């Protein structure tokens, strides 16, 4: 009898990719759950339209005899539905799902997608967070707070059901071709506002590596919390130069104002910890995950970003144009030297 | 351990320092050599009443310092020899050269200025009706006049040339200043191209070796070699491979000493020194960016251990802002050494501690006073008031050209300590004290050896 795996949040890109990849395994029976029908081809995944905020999810788990639950129905930005809906999906949804899991006798394993956001961001941060570190400044709003609450509920379940293997993966910001995240949209603005005098260290994760990591911890048992990210970092100014984007310097004090303007213009909803992460930088140490699974990300941060560059429209300061200007200036200097 | 304090009568237990008041007559009388100097100090005070807080402070230093046992050896050389020099730069710079200049060129502009000064006088109600003000104004006018005279003599031909071809002029100026970029034009273009397209490497700390070696260090080099004339001793104590923790005294109002250490160590043995900095550095715009690029990271246990584990040369300034922002009167007196976190990091990583004693950094911006209210308003740990800052604005930021000696002491090894020593606070305190004592003693020794603060 095949093991039954329930994956939540399959309507979205990463969930769909993961569920599809998981379903190629003959020994697994993969059930995808989401409130909206999937936009992507799900392959052999059987899709169940259900809301995890609703006790109905318990029935799904019971009738199918679900053994493994992969919880990926986590919303990182408010989008059109607004912050209250986002919080409900993240927090209430997780609570309902975990409550249903706790009741199910067939339930043996839980994999939760969490985020780097749980570490908050502040100028007092160490350069790389390990799994045992707690945020220096406790996030009070937005996705970071949701992620922290989700993790605490997950820990609660682990205490109440010690027979269940619980794995939490803290994923770095996804980056690559076709990634439709708030950060990717932000970096693709024609002129990118940035906080003056700070050069944030960015760390990305390519969706391919994210899926590989999720597959590894779903197929094998690796209980615990793991950071998953590319090993290297890139600075915000490097990223913007790779993308050829001119920047608009904003004093630190005005950053919330600019974030408000971006929200008005529907160009993303930035919470204070996300602004802080783009100001002071944030990165994770991934040693524990690499040692546990032996899985090294295939894409570096830079390669993930370069993939985005290759599919996005070249910016105003794209390398070709910079080359032209530089060659011109070099000619000028050469000329004045010869005089 | 700590040196015994001799508490003098009538100075609020502070030996006349830091209490904001000059020492009492009793305190001056107690201290040797005080009597001979005080009359002159008073005379100074009477004549230039306006701006000579600095002189007072420096003078006040004299009677009290010899009372300190640890200083008695070094003071005759360091203290007494230096103080007059500071006097000279502070006081005599103003009035001395001017009378000569003032006469020839300054005859015309004196009158209007003087009238202005006369008008302004009633406004300064509490100021004594002094001849001084008029004298100063006339001197200033004289200086201005001579400056205008000099301007007339400027080579107009060259200026026109400059206007015609600014690019070339900039290159010439750069060459004249001795900015050695070690690059030909093609390389500069290639460098700019790589920078502009983001094709350069940084490590996980945000350290940008290319920027550091090609931009930052070439700027620091002339400052270290020609301005401060740094004399490096004991460079052989720094390992050429593997990690080590350099522990240094911290002084000079601005953390120039760290940058100079970085520069000389790179020039001597070709290794980058990675520094640990206070969180204020990383809160402050531009300072954050610059610090990360040049290899500084936050002084926290995690980062220190990460650096030491990756075979880096790490430098730490355990005095922190207490050392940087201490008054000039307390120069070369080590402040408290934090909580010894750096020692436990080194012990845990089993890397040697190298005591670094820097002499000369105290004199670059002599901190004669601080404005605590202003500092609090700005969120800074202190607001420096030096003889030149903030009076001269940006020019006040030019460091005084003191003569520096940097001594790298013999390594204090930590690998023979028993396992778990890092968790033993007593061991950590003992090693911390050992490092602190070593630095303090070699500071005194170096102070005795140097001829003067600026030569």
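Taken together, the values in this text are just the output of simple stated rules run on the coordinates, not laboratory data. Just so you know, these numbers come straight off a predicted model, no measurement behind them. Cβ coordinates were reconstructed from backbone atoms using ideal geometry, including for glycine residues, and neighbour counts include every protein chain displayed.
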Notebook entry, point to check: With each label point set 7 Å from Cα along the Cα-Cβ vector, what nm distance links residue A:102 and residue A:311?
Noted result: 4.0 nm
Checklist line | Over region B:298-455, relative contact order from alpha-carbon pairs under 8 Å, at least 6 apart, % | finding: 28 percent
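Over chain A, what is the mean sequence separation of C-alpha contacts under 8 Å (at least six apart), divided by residue count, expressed as relative contact order in percent?
Working: 641 pairs, mean separation 57.7, N = 339.
Dividing the mean separation by the residue count of chain A yields 17 percent.
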Notebook entry, point to check: Hey, got the average number of other protein chain Cβ atoms within 10 angstrom for residues in A:277-283?
Noted result: 2
Note to self: If you average the alpha carbon positions of region B:419-435 and of region A:117-168, how far apart do those two centres end up, in angstrom?
What the structure shows: 33 Å
Note to self: Taking R0 as 22 Å, what FRET efficiency do you get between residue B:310 and residue B:413 from their Cβ-Cβ distance, rounded to the nearest 0.05?
What the structure shows: 0.65
Item checked: For region A:1-129, average projected area of the Cα convex hull in nm² -> 9.3 nm²
Checklist line | Separation between Cα centres of region B:222-285 and region B:348-415, rounded to whole Å | finding: 12 Å
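Return the average number of partner chain Cβ atoms within 10 angstrom of each residue Cβ along peptide A:232-240.
Partner Cβ neighbours, averaged per residue: 4.
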Next item on the list: Could you run the Debye sum over the Cα atoms of region B:304-353, one equal point scatterer each and no solvent, and tell me log10 of I(q)/I(0) at q = 0.23, 0.27 Å⁻¹, two decimals?
Entry: -0.82, -0.97
Next item on the list: Quick one: Debye curve from the alpha-carbon atoms of region B:205-273 only, equal weights, vacuum; give me log10 I(q)/I(0) at q = 0.27 Å⁻¹ to two decimals.
Entry: -1.47
Next item on the list: Take the alpha carbon atoms of region B:294-322, find their center, do the same for region A:10-61, and report the distance between the two centers in whole angstrom.
Entry: 48 Å
Item checked: Two-decimal Rg/Rh across chain A, once Rg and the Kirkwood Rh are taken from alpha-carbon atoms -> 1.03
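Relative contact order of region A:193-339: what whole-number percent is it, with Cα pairs under 8 angstrom and at least 6 residues apart? Mind showing how you got there, number by number?
Numbers: 165 pairs, mean separation 59.1, N = 147.
Normalised by residue count, the contact order of region A:193-339 is 40 percent.
Which FRET efficiency value, to the nearest 0.05, is calculated for residue B:280 and residue B:369 with the Förster distance at 25 angstrom and r the Cβ-Cβ distance?
On the way: r = 21 Å, r/R0 = 0.84.
So the FRET efficiency works out to roughly 0.75.
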Note to self: Let me confirm one metric for peptide A:113-126, namely the mean number of other chain beta-carbon atoms within 10 Å of its residues' beta-carbons.
What the structure shows: 2
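Take every DSSP beta bridge whose two residues both sit in chain A, then give the antiparallel share in percent to the nearest 5.
Working: 2 of 38 bridges.
Around 5 percent of the beta bridges assigned by DSSP in chain A are antiparallel ones.
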Checklist line | Among B:290-303, B:268-281, the order from most to least packed when residues are scored by Cβ within 10 Å on average | finding: B:290-303, B:268-281
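Can you tell me which of A:207-216, A:292-301, B:231-240 comes out highest on packing, and rank the rest after it, using the mean Cβ neighbours within 10 Å? Could the numbers behind the result be given before it?
Details: A:207-216: 21.0, A:292-301: 16.9, B:231-240: 14.8.
Highest-to-lowest ranking by the protection proxy: A:207-216, A:292-301, B:231-240.
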